[in-house]
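Read through the structure below, which is laid out as structure tokens, and then see the notes.
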Amino acid sequence: MNTDSMTHATSGADAELELAAPRAPFFKALGKWVRLQPLGAASGLGVIFMIFVAVFAPHLAPHDPVTTNYESMAQAPSFAYWLGTDQFGRDLLSRVIWGARTALFIGFTSAILGSTLGLVLGVTSAYFAGWFDLLFQRVMDVFLAFPLIIMALAVVAIFGTGPGNVIIAITIPFIPRCARVVRSNALTIREMPYIDAARALGYSHTRIILRHMAPNCMAPYLIMLTTFLGQAILLEASLSYLGLGVQEPIAAWGLMLQGGAEEYAESAPWIAIFPGLAITLAVFAFNLFGDSVRDTLDPKLRAR
Amino acid sequence: MTDTRVLLEVENLHTQFDTSAGMVRAVDGISYTVNEGETVGIVGESGCGKSVGAMSILRLIPDPPGRIASGSVRFDGKDLLTMNDAEIREVRGGQISMVFQEPMTSLNPVLSIGLQLCETMEIHLKLGPEEAKARAIELLDLVGISEPARRLQQYPHHLSGGMRQRVMIALALSCKPKLIIADEPTTALDVTIQAQILELMKDLSNRLRVALIIITHNLGVVARYADRVYVMYAGRIVESGSASDIYHRPVHPYTLGLLRSVPRLDRPRGERLIPIDGHPPDLTREIHGCAYRPRCSFAVERCAHEAPRIEEVAPGHASACFEKARLERLLKEAS
């Protein structure tokens, strides 16, 4: 599947040179992928939908997500408020929509940052090998010894709360996870003759690492990146729920759950149900999507 | 051949590897010279240290476990072994370049041909992107690749093995080096392509006055393309001389053994090939006396205690064997 799409992509470049129709192979490859990975395609649509909602939040949200309205507190879903209102009279639909923006922004930023730094560090560690690799891997071991959430909590405890610090808190535990997977792949790349050839051509270490080795580690990198997306959204919600992440009055799913879950569980359950549902569906969609990306990129799984 | 200015001078080079089985003396005191514009062949069987010796010149031995223990490599008047990292990087690719054994894997699969060619020239020759592209097209044309402009946008998997080796040669030539080290450049190619690639390399080295070191286990290649030949065995040079000296008048039993074990067109068909018995020595153990003694039919008492030094038998023709005189006499009688 992967090689198919690659040859399609590159033969697409060929076709362009020969002035033939260059676009057809891409759609053909896409169609084939949808047939092989129907769940992946469906979750892909879900992901695209969420990105759309997050980007156009100001236009889609029927009400302002932060203005409180004490005349309509904890109202049940109705035509005016499709998903009801929370304990401060804020429209839940608008907050879920704006919450998508918070979740995806933090999720994407920390997943991309974490996996990219992991890619660079993993390749560097594999390239230099020897005592540097040994020492670096032991440092990574220490980081990996902590569960994701504990590590993130520790980082928040040091840097404090707020969106920027939440991104740092989620990024840091991702780095060693990606670095380790990329390193094992880079170890085989390092032994390839073209890396010897690159050294024989007088390239600097930085150039070999970033330009010659890193692009060869794209498969594990993309797999880790998509896996991290779902985890980052869940982690952000967890931190916000614990009061250590995004702070009021910013709309964030974890935060909405925290405000509504305990006090209003019986009298106004919609306050907790809808943000909970949003988290579940988002994480589910990203995980399914990540799985199908892995199946597509991993040659060992592809054979089955 | 007429040019006698020495370009590369390797002196008493020792390269060792620390392994779990002990220290391996992969290169054990080799000395040789390459003159400007000259083609030198280095011949030997697998594991005799010929590749390690060549990699040591550019300090490309992975360290650890490898280590250049002693010796000197002077290139164009400068000692390559004492240079700092930035200086040696200038030499690599810029003044000395390499062509590797595996054309299928010597080009980076995720980068286009053009990018790989231009990158080197932008670094060493400080060319702008447009100039580099123009020269890349020129180079691909020079090495006989059709439609060079189109190839720049292609990836290695679009090209066959022979084509890739041509690209590697273009890459090696790109920064106008004075010396190209070709490490078994044709081993992975089929026979007809081998000849094409070697002809191309020889032709380009003549035209562009680039010196060439061809490392190979194929004596035929050496006889056809090299001006001078060094024969290596167990990390040492056992015989050196002009290609015709080595081919027609070998004065070391190992060279003789090599020549008798390969089919030759100038000998009667159906003639038996005579393999060399035994195996090359285990390089983790210190070798007393001559390394070739256990496999040698000329061995005498002295070979067990004392390692023969390489000595001239005729101007420009040297051998490391105590019995070279006897060997020479016997061969003369036979022919």
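Before moving on, here are some points about what is shown:
- Looking across region B:32-64 at every residue that is within 11 Å of chain A (Cβ to nearest Cβ) and charged (D, E, K, R), the one that is farthest from residue B:177 (Cα to Cα) is identified as B:63.
- Matching residues in region B:227-250 - criterion: being surrounded by fewer than 19 Cβ atoms within 10 Å (Cβ to Cβ) and of a type outside the set (D, E, K, R): B:242, B:244, B:248
- A residue that is away from chain A (no Cβ under 14 Å) and among the β-branched types (Val, Ile, Thr) occurs somewhere in region B:142-150.
- All of B:84, B:108 fail the test of being among the polar types (S, T, N, Q) and facing another protein chain (nearest Cβ under 7 Å), apart from B:108.
- Exactly one residue out of A:72, A:78 is of a type outside the set (A, V, I, L, M), modelled with pLDDT of 80 or more and outside any strand (DSSP E or B): that is A:78.
- So residue A:15, is it outside any loop (DSSP other than H, G, I, E, B), at pLDDT below 80, surrounded by 15 or more Cβ atoms within 10 Å (Cβ to Cβ) and among the hydrophobic types (A, V, I, L, M, F, W, C): yes
- Scanning region B:117-141 for residues that are away from chain A (no Cβ under 12 Å) and either more than 23 Å from residue B:91 (Cβ to Cβ) or without any contact (Cβ under 8 Å) to a residue 12 or more places away in the chain (or both) yields B:126, B:127, B:128, B:129, B:130, B:131, B:133, B:134, B:137, B:138, B:140, B:141.
- Scan of region B:87-105 for residues that are more than 26 Å from residue B:36 (Cβ to Cβ) and facing chain A (nearest Cβ under 7 Å), ordered by number: B:102, B:105
- When residue A:262 is tested against the conditions (1) more than 14 Å from chain B (Cβ to nearest Cβ); (2) of a type outside the set (Gly, Ala, Ser); (3) without any contact (Cβ under 8 Å) to a residue 12 or more places away in the chain; (4) more than 24 Å from residue A:65 (Cα to Cα), the lone failure is (4).
- Scanning region B:212-231 for residues that are farther than 20 Å from residue B:97 by Cβ and modelled with pLDDT under 90 yields B:217, B:218, B:219, B:220, B:222, B:223, B:224.
- Among the residues of region A:40-99, those that are touching a residue at least 12 places away in the same chain (Cβ under 8 Å) and of a type in the set (Phe, Trp, Tyr) comprise A:70, A:81, A:82, A:88, A:98.
- Check on residue A:134, within 14 Å of chain B (Cβ to nearest Cβ) and modelled with pLDDT of 90 or more: yes
- Filtering region A:177-201 to residues that are charged (D, E, K, R) and more than 10 Å from chain B (Cβ to nearest Cβ) leaves A:177, A:180, A:183.
- Region B:180-216, subset part of a loop (DSSP other than H, G, I, E, B) and out of contact with any Ser or Thr (no Cβ under 7 Å at 6 or more places or on another chain), residue surrounded by the fewest Cβ atoms within 10 Å (Cβ to Cβ): B:190
- Count - residues of region B:99-126 that are crowded, with 18+ Cβ neighbours inside 10 Å and farther than 19 Å from residue B:153 by Cα: 6
Rundown of residues vs (1) surrounded by 15 or more Cβ atoms within 10 Å (Cβ to Cβ); (2) modelled with pLDDT of 85 or more; (3) of a type in the set (A, V, I, L, M, F, W, C); (4) over 19 Å from the mean Cα position of the chain (by Cα), yes/no style:
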position: B:17; (1), (2), (3), (4): yes, yes, yes, yes
position: B:22; (1), (2), (3), (4): no, no, no, yes
position: B:33; (1), (2), (3), (4): yes, yes, no, no
position: B:36; (1), (2), (3), (4): yes, yes, no, no
position: B:53; (1), (2), (3), (4): yes, yes, no, no
position: B:59; (1), (2), (3), (4): yes, yes, no, no
position: B:83; (1), (2), (3), (4): yes, yes, yes, yes
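- Residue within region A:220-243 that is without any contact (Cβ under 8 Å) to a residue 12 or more places away in the chain and either under 22 Å from residue A:165 (Cβ atoms) or surrounded by fewer than 23 Cβ atoms within 10 Å (Cβ to Cβ) (or both) present: no
- Filter pass, residue B:241 being assigned to a strand (DSSP E or B) and among the small types (Gly, Ala, Ser): yes
- Within region A:94-200, helices (runs of 4 or more DSSP H) holding 2 or more residues that are under 19 Å from the mean Cα position of the chain (by Cα): A:148-159, A:163-190
- Positions within region A:272-282 being free of Cβ contacts under 8 Å to residues at least 60 places away in the same chain and either surrounded by fewer than 20 Cβ atoms within 10 Å (Cβ to Cβ) or of a type in the set (S, T, N, Q) (or both), in sequence order: A:273, A:276, A:277, A:280
- Remark: pairs (first residue in region A:20-38, part of a helix (DSSP H, G or I); second residue at pLDDT 80 or above; Cβ separation under 6 Å; 6+ apart in sequence or on different chains) = A:34/A:41.
One line per residue, one yes/no per condition, for (1) hydrophobic (A, V, I, L, M, F, W, C); (2) over 18 Å from residue B:144 (Cα atoms):
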site	(1), (2)
B:156	no, no
B:166	no, no
B:173	yes, no
B:194	no, no
B:232	yes, yes
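The values are calculated or read from the model by the stated rules, or taken from the named source; none is laboratory data. Owing to the predicted nature of the structure, the values given are computational and were not obtained by experimental measurement. Here the Cβ is made from the backbone with ideal geometry for all residues, glycine too, and neighbour counts use every protein chain on show.
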